[in-house]
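Notes for the one structure printed next.
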Amino acid sequence: MLIFAFKSDVFALNFWGTPETAASLASVGDLSHLNDYGYVGHAAAAIVPTAEPESLFSQVRSTMLVTVFVFLGIEGASVYSRYAKERSHVGIATVLGFIGVLCLLVLITMLSYGVLLRPDLAALRQPSMAGVLEAIVGRWGAIFISVGLIVSVLGAYLSWSLLAAEVLFSAAKSKSMPKVFATENSNAVPSSAVWLTNITIQVFLILTLFSDYAFQLALELTSSLTLIPYLLVGAYGLKLALTGETYETDKRDHKKDLIFALIATFYALLMLYAGGMKYLLLSAIIYGPGTLLYIMAKREQHAKVFTPAEMGLFVIVMVAAVAAIYSIATGVITI
């Protein structure tokens with residue numbers, strides 16, 4: 001429906017705003033909001049900016065965490081790789097998931113600019129796609145999107161609960177988490193991991209009741225929490241490529257892997273910078289207590305808990321967690 005309702009004149013006015021596109025819209029009687037762009041009368045001279053315009057980098061930076069949130073989950077095939085019949089299926093599923101999400105993101109974002117003008121899009125309530133579809137087909141379009149969103153959220157709730165439990169289960173199998181989380185019930189489901197995951201989810205849901213911007217908090221905090229594992233994975237791949245570990249028998253992909261790992265590490269660092277210190281500190285509140293599970297796992301094995309470098313990192317995380325809690329209590333950080 002978005003494709004059929006797409007208007008090239010509206011899209012051109014949103015992105016380039018030429019007098020020709022304004023005249024084209026005026027010729028079909030659509031004069032709404034043209035004064036916002038300064039094409040009717042002397043509106044341009046009357047526009048007085050109320051704030052300093054953001055730089056291009058600031059605008060791109062503000063959308064980065066949203067982009068990360070959109071692509072969360074494409075690594076699901078890797079998490080569930082133990083169920084794959086062939087190893088190659090994991091890579092295929094990951095690439096297909098990435099391409100599918102990318103196409104949906106680009107199409108929905110760009111086509112919306114061919115339906116409504118920017119002031120109208122900016123005024124839409126979440127979910128904004130409901131407002132766009134309502135402008136095309138009427139009220140039932142908004143209801144359709146809202147119902148679809150409910151179904152999507154319920155599906156995401158189930159899939160993400162299982163995905164997080166699978167991560168905990170895999171870590172327990174590799175002895176990085178307490179062995180209790182490696183237990184499975186009669187249906188081959190990691191029951192202990194599922195219980196802990198869902199208890200944590202319920203705590204987060206309760207916390208959102210005390211947030212002024214619950215959706216924004218969940219979106220940006222989730223993205224920040226995910227970026228740290230992304231950074232560690234990219235940095236570990238970079239370490240292997242630089243040292244040549246695991247490439248003793250086959251060096252054909254060494255240079256390619258080095259380039260990919262370098263790009264992944266740099267991008268993860270850039271995303272952490274884009275997220276800002278606020279959500280990085282809030283992430284420490286989660287990672288700090290979570291480290292206790294790792295300590296328990298090492299104690300079960302009667303092994304040394306931390307190396308000197310790991311101890312230093314643990315101290316940094318705990319200091320950041322204390323600083324975040326203090327900042328919330330004093331109002332320096334608001335949620």
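Peptide packing for 184-195, 296-307 was compared via the average number of neighbouring C-beta atoms within 10 Å per residue; ordered from the highest value, the list is 184-195, 296-307. Under 14 Å from the Cβ of Leu232, count the other residues' Cβ atoms, weight Lys and Arg +1, Asp and Glu -1, and hand me the total. Local net charge: -1.
With Cα atoms defining each centre, region 280-326 and region 160-184 are spaced 18 Å apart in the structure. Structure note, pairs Lys173/Lys304; Lys85/Lys173; Lys173/Lys251; Lys85/Lys239; Lys175/Lys239: Cα-Cα distances above 24 angstrom occur for Lys173/Lys251; Lys85/Lys239. Quick one: net charge of Lys175's neighbours, Cβ under 12 Å, K/R +1, D/E -1? Residues near Lys175 contribute +3 overall. Could you work out how much longer the chain between Lys256 and Ala123 gets when fully extended? Use 0.36 nm per residue separation minus the Cα distance between them, nm to one decimal. My answer for the length gained is 43.3 nm.
What is the sum of charges, Lys and Arg at +1 and Asp and Glu at -1, for the other residues whose Cβ falls under 11 Å from the Cβ of Val115? Here the count lands on -1. Relative protection proxy for 311-324, 65-78, 90-103, from highest mean packing down: 65-78, 311-324, 90-103 (other beta-carbon atoms within 10 angstrom). Among the GluC sites (Glu not before Pro) in region 188-256, those located in a DSSP loop and surrounded by at most 16 other Cβ atoms within 10 Å of their own Cβ are Glu245, Glu248. Using the Cβ-Cβ distance between Asn185 and Phe215 with R0 = 25 Å, the FRET efficiency computed as 1/(1 + (r/R0)^6) comes to roughly 0.15. The label point for Thr334 and the one for Tyr80, both projected 7 Å from the Cα toward the Cβ, are 4.1 nm apart. In terms of its alpha-carbon gyration tensor, region 156-247 comes out oblate; a/c meets the 1.5 threshold, while b/c is at least as large as a/b. Listed peptides 231-244, 127-140 appear in the order 127-140, 231-244 once ranked by packing, highest mean of other Cβ atoms within 10 Å at the front.
Just so you know, all these numbers are worked out from the coordinates, no wet-lab data involved. Predicted model, so just to flag it, every value in this text is computed and none were measured. We place every Cβ from the backbone using ideal geometry, glycine too, and count neighbours over all the protein chains shown.
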